[in-house]
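The values are calculated or read from the model by the stated rules, or taken from the named source; none is laboratory data. Model, not experiment: these values are computed from the prediction. Note: ideal-geometry Cβ built from the backbone for every residue, glycine included; neighbour counts use all protein chains shown. Ligands, DNA and RNA are stripped out before the accessible areas are found, and what is left, the full protein with its side chains, is counted by its heavy atoms. Shrake-Rupley method; radii C 1.70, N 1.55, O 1.52, S 1.80 Å.
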Amino acid sequence: MSDNRDIKKEIERRRTFAIISHPDAGKTTLTEKFLLYGGAINLAGSVKGKATARHAVSDWMQIEKERGISVTSSVLQFEYDGYCINILDTPGHQDFSEDTYRTLMAADSAVMVIDGSKGVEPQTRKLFKVCAMRHIPIFTFINKMDRDALDTFELLDNVEKELGIATCPLNWPIGSGKGFKGVYDREKKCVILYSDTEKGTKEGTATEVPIEDEAHLKELIGNEAAEKLLEEVELLDGASAEYDLKEVQAGNLTPVCFGSALTNFGVEIFLKHFLNMTTTPLPRTADTGVIDPVLNDFSAFVFKIQANMNKAHRDRVAFMRICSGKFDANVEVKHVQGNKVMRLSQPQQIMADERKILQEAYAGDIIGVFDPGIFSIGDTLCMPKENFRYEGIPTFAPEHFARVRQVDTMKRKQFVKGIEQIAQEGAIQIFQEFNTGLEEIIVGVVGVLQFDVLKYRLENEYNVEIKLENLPYEHIRWIENKDEVDVEKLTGTSDMKKVKDMKGNPLLLFVNSWSVGMTLERNEGLKLAEFSRN
Ligand code: G4P
């Protein structure tokens, strides 16, 4: 009984979230500051520590590059204020791939970092869409206020219009760039003055001035800034959405904080607000109904498979999100899709290049286990006496396509085997011409780096040389109502191409979004989807 109480306590103090942003908005810097508050980074040595940490990470990247695989998305776990926090890294930059989207399936909420001088950027928009599909709470940090930023009302308007989510500012910036004076805290009704002296430490106290004390305020931030602030606050109180925790947790309203990750201003306040409002590990839906994180015994699902982390052994690591109960390394569990009871091999927590073997973990945590080639993305693990499957992970629309040709046609068998295995790991998606056999293979990827990965891996692991011919398609749509539609007879635009995926689902490829709209117009009743659950 006391064990159950401990499990409940452990689960309820977990917060598992992803940080989403466009490259360069400040995701890494903000993460580093979070770790600093959590004591995971040594304070005194933080600047030096940062350089060393970067060095270590880049070494790891080089190794992975040589092996031709994308960088591991890691999980950072740290303690703060009694919470056990799991941050899921969503690979950005060149290694942006379908994995980036899948990682979001393992999160219970997301922190969205926006560069105050740029507003919503393309990668943020894509990642946001995936979060919105799951209705998870999203918390916005508008960063780089120490640099010239866009007008604050414009920024909020940009988030609302671009992403279709209501915003609720928790604080309000006073100027930006050289004129950045601090933020107005709407709850405390006071101004917190900007200081960049906290950079690498969490020490240093913020000066708080009540907004009613107009004279003092003017003295501290100047007449002009004070008057502008009073005006904006009045406008804001009348115009912005009311704070409503239910709406936040339903993913309809995003709380917004302004700050500067680099100078460490506004970060801890944001973290505190975030932890206060975000959710404990969420229940997940299985084919037997909803699985409660606390009431149910151990269960998990695989959301990512990392191939060949050690080339000598051709090993794979399956990353799983624990959805309920406690994981105990000594207890046997059931791999539902394989219908096999087993002990998970070498369960570990993976942080960049560090691996820590785990004995136990709880709902909300992410573990990596050695995979002898039995797991697939979306697979369920549970206790041997149970039998249920979690809802699968959707297949996301690739954005780049190429035709694959074998250089040596004698090696057909290896080629097919290699390409199918790599597709099974989820690094690429394979499509065929709608009416032909395997002869013509089209590969689709979310990030272009995956083309290089495919070429490299086929050469190195399967001894097959390929040539890739880029195709102009940028949009792919699954036919949602495929049973009601005669795909042969669909009339699209001249650039449209009909293909099918490995499961035989029909899909349409388009060069531009205009063609998608035209095709929908020309075929009444046709329903197209940007991801597939089949
Ligand atoms: P990312 O992970 O989202 O790609 O962004 P990252 O944190 O690496 O930040 C991108 C650049 O923006 C870095 O500069 C970083 O120092 C800077 N930056 C992050 N937050 C702030 C902020 O609040 N204010 C200002 N002024 N800059 C910020 P860099 O020159 O590319 O790298 P580095 O040499 O400084 O590490």
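Could you list, in sequence order, the residues of the range 154-196 that are part of a helix (DSSP H, G or I), away from the ligand (no atom under 16 Å from the Cβ) and touching a residue at least 24 places away in the same chain (Cβ under 8 Å)?
Quick first cut of the range 154-196, residues part of a helix (DSSP H, G or I) only: 154-163, 177-179.
Going one step further and asking which of them are away from the ligand (no atom under 16 Å from the Cβ), we end up with 154, 156-163.
Answer for the range 154-196, where residues must be part of a helix (DSSP H, G or I), away from the ligand (no atom under 16 Å from the Cβ) and touching a residue at least 24 places away in the same chain (Cβ under 8 Å): GLU154, LEU156, ASN158, VAL159, GLU162, LEU163.
Considering (1) touching a residue at least 40 places away in the same chain (Cβ under 8 Å); (2) out of contact with any Ser or Thr (no Cβ under 9 Å at 6 or more places or on another chain); (3) more than 16 Å from the ligand (Cβ to nearest atom); (4) outside any strand (DSSP E or B), say which one THR285 fails and leave the rest.
Status for THR285: all satisfied but (4).
With respect to the numbered conditions (1) within 14 Å of ALA18 (Cα to Cα); (2) open to solvent by 10 Å² or more (accessible area, probe 1.4 Å), which one is the sole condition not fulfilled by PRO137?
(2)
Got at least one residue in the range 303-313 being crowded, with 16+ Cβ neighbours inside 10 Å and basic (Lys, Arg)? Before the answer, list the steps.
Looking only at the range 303-313, we keep the residues that are crowded, with 16+ Cβ neighbours inside 10 Å, and these are 303-309.
With the extra rule that they be basic (Lys, Arg), the set shrinks to 304.
Yes, there is a match, as at least one residue in the range 303-313 is crowded, with 16+ Cβ neighbours inside 10 Å and basic (Lys, Arg).
In the list ILE291, ILE221, which residue meets the criterion of being at pLDDT 95 or above, more than 16 Å from the ligand (Cβ to nearest atom) and of a type in the set (Val, Ile, Thr)?
On the way: ILE221 fails: at pLDDT 95 or above.
ILE291 is the lone residue from the list that is at pLDDT 95 or above, more than 16 Å from the ligand (Cβ to nearest atom) and of a type in the set (Val, Ile, Thr).
Scan the range 111-143 for residues that are away from the ligand (no atom under 14 Å from the Cβ), within 23 Å of HIS273 (Cα to Cα) and part of a helix (DSSP H, G or I) and jot them down.
Matches in the range 111-143: PHE128, CYS131, ALA132, ARG134.
Has the range 424-446 got at least one residue that is open to solvent by 50 Å² or more (accessible area, probe 1.4 Å), under 31 Å from the mean Cα position of the chain (by Cα) and at pLDDT 90 or above? It would help to see each step written out before you state the result.
Of all residues in the range 424-446, those open to solvent by 50 Å² or more (accessible area, probe 1.4 Å) come to 424, 435-436, 438-439.
Those left that are additionally under 31 Å from the mean Cα position of the chain (by Cα): 424.
If we keep only those that are at pLDDT 90 or above as well, we get none.
Checked against the condition, which is being open to solvent by 50 Å² or more (accessible area, probe 1.4 Å), under 31 Å from the mean Cα position of the chain (by Cα) and at pLDDT 90 or above, the range 424-446 yields no hits at all.
Give all pairs with beta carbons closer than 6 Å in which a residue from the range 252-263 that is within 22 Å of ALA132 (Cβ to Cβ) and part of a strand (DSSP E or B) meets a residue that is of a type in the set (Ser, Thr, Tyr) and within 16 Å of the ligand (Cβ to nearest atom); count only pairs at least 6 apart in sequence or on separate chains.
THR254/THR140; VAL256/THR140
Would you tally the residues in the range 140-159 being surrounded by 22 or more Cβ atoms within 10 Å (Cβ to Cβ) and hydroxyl-bearing (Ser, Thr, Tyr)? It would help to see each step written out before you state the result.
Applying the first criterion (surrounded by 22 or more Cβ atoms within 10 Å (Cβ to Cβ)) to the range 140-159 yields 140-145, 149, 155-156, 159.
Imposing the further condition that a residue be hydroxyl-bearing (Ser, Thr, Tyr) reduces the set to 140.
The total comes to 1.
Condition (residue is in the same structural domain as GLN432 (by TED's automatic domain parsing), touching a Lys or Arg at 6+ places or on another chain (Cβ under 7 Å) and among the basic types (Lys, Arg)) applied to the range 402-414: is it met by at least one residue?
Yes - at least one qualifying residue is present in the range 402-414.
Starting from the range 15-34, keep only residues that are closer than 19 Å to PRO137 by Cα and at pLDDT 90 or above, then list their pairs with residues that are near the ligand (Cβ under 7 Å from one of its atoms) and open to solvent by 30 Å² or more (accessible area, probe 1.4 Å) whose Cβ atoms are within a distance under 6 Å, requiring at least 6 positions of separation or different chains.
ILE19/LYS27; SER21/LYS27
Looking at the range 446-464, is at least one residue in a strand (DSSP E or B), in the same structural domain as GLY418 (by TED's automatic domain parsing) and in contact with a strand residue (DSSP E or B) (Cβ under 6 Å, 6 or more places away or on another chain)? I'd like the intermediate steps shown before the answer.
Step one: filter the range 446-464 for residues in a strand (DSSP E or B), giving none.
Within the range 446-464 (the criterion being in a strand (DSSP E or B), in the same structural domain as GLY418 (by TED's automatic domain parsing) and in contact with a strand residue (DSSP E or B) (Cβ under 6 Å, 6 or more places away or on another chain)), the answer is no, since none of the residues qualifies.
Check the range 103-125 and report whether any residue there is open to solvent by 10 Å² or more (accessible area, probe 1.4 Å), in contact with a Leu (Cβ under 9 Å, 6 or more places away or on another chain) and within 29 Å of PRO210 (Cα to Cα).
The answer is yes, given that some residue of the range 103-125 is open to solvent by 10 Å² or more (accessible area, probe 1.4 Å), in contact with a Leu (Cβ under 9 Å, 6 or more places away or on another chain) and within 29 Å of PRO210 (Cα to Cα).
So that you can scan it fast, the table gives a plain yes or no per residue for (1) part of a loop (DSSP other than H, G, I, E, B); (2) within 22 Å of MET145 (Cα to Cα):
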residue	(1), (2)
ALA225	no, yes
GLY238	no, no
ALA241	yes, no
HIS273	no, yes
ASN276	no, no
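ALA286: more than 24 Å from GLU154 (Cα to Cα), loosely packed, with under 15 Cβ neighbours inside 10 Å and of a type in the set (A, V, I, L, M, F, W, C), yes or no?
Numbers: more than 24 Å from GLU154 (Cα to Cα): yes; loosely packed, with under 15 Cβ neighbours inside 10 Å: no; of a type in the set (A, V, I, L, M, F, W, C): yes.
No: the conditions fail for ALA286.
Here are ASP108, ASP146, ASP151: which of them is assigned by TED's automatic domain parsing to the domain that holds PRO23, within 19 Å of GLY266 (Cβ to Cβ) and either free of Cβ contacts under 8 Å to residues at least 12 places away in the same chain or more than 15 Å from the ligand (Cβ to nearest atom) (or both)?
Numbers: ASP108 fails: within 19 Å of GLY266 (Cβ to Cβ); ASP146 fails: either free of Cβ contacts under 8 Å to residues at least 12 places away in the same chain or more than 15 Å from the ligand (Cβ to nearest atom) (or both).
Exactly one of ASP108, ASP146, ASP151 is assigned by TED's automatic domain parsing to the domain that holds PRO23, within 19 Å of GLY266 (Cβ to Cβ) and either free of Cβ contacts under 8 Å to residues at least 12 places away in the same chain or more than 15 Å from the ligand (Cβ to nearest atom) (or both), namely ASP151.
For the range 238-258, name all the residues that are open to solvent by 90 Å² or more (accessible area, probe 1.4 Å) and of a type in the set (D, E, K, R).
If the condition is that a residue be open to solvent by 90 Å² or more (accessible area, probe 1.4 Å) and of a type in the set (D, E, K, R), then GLU242, LYS246 are the ones that fit.
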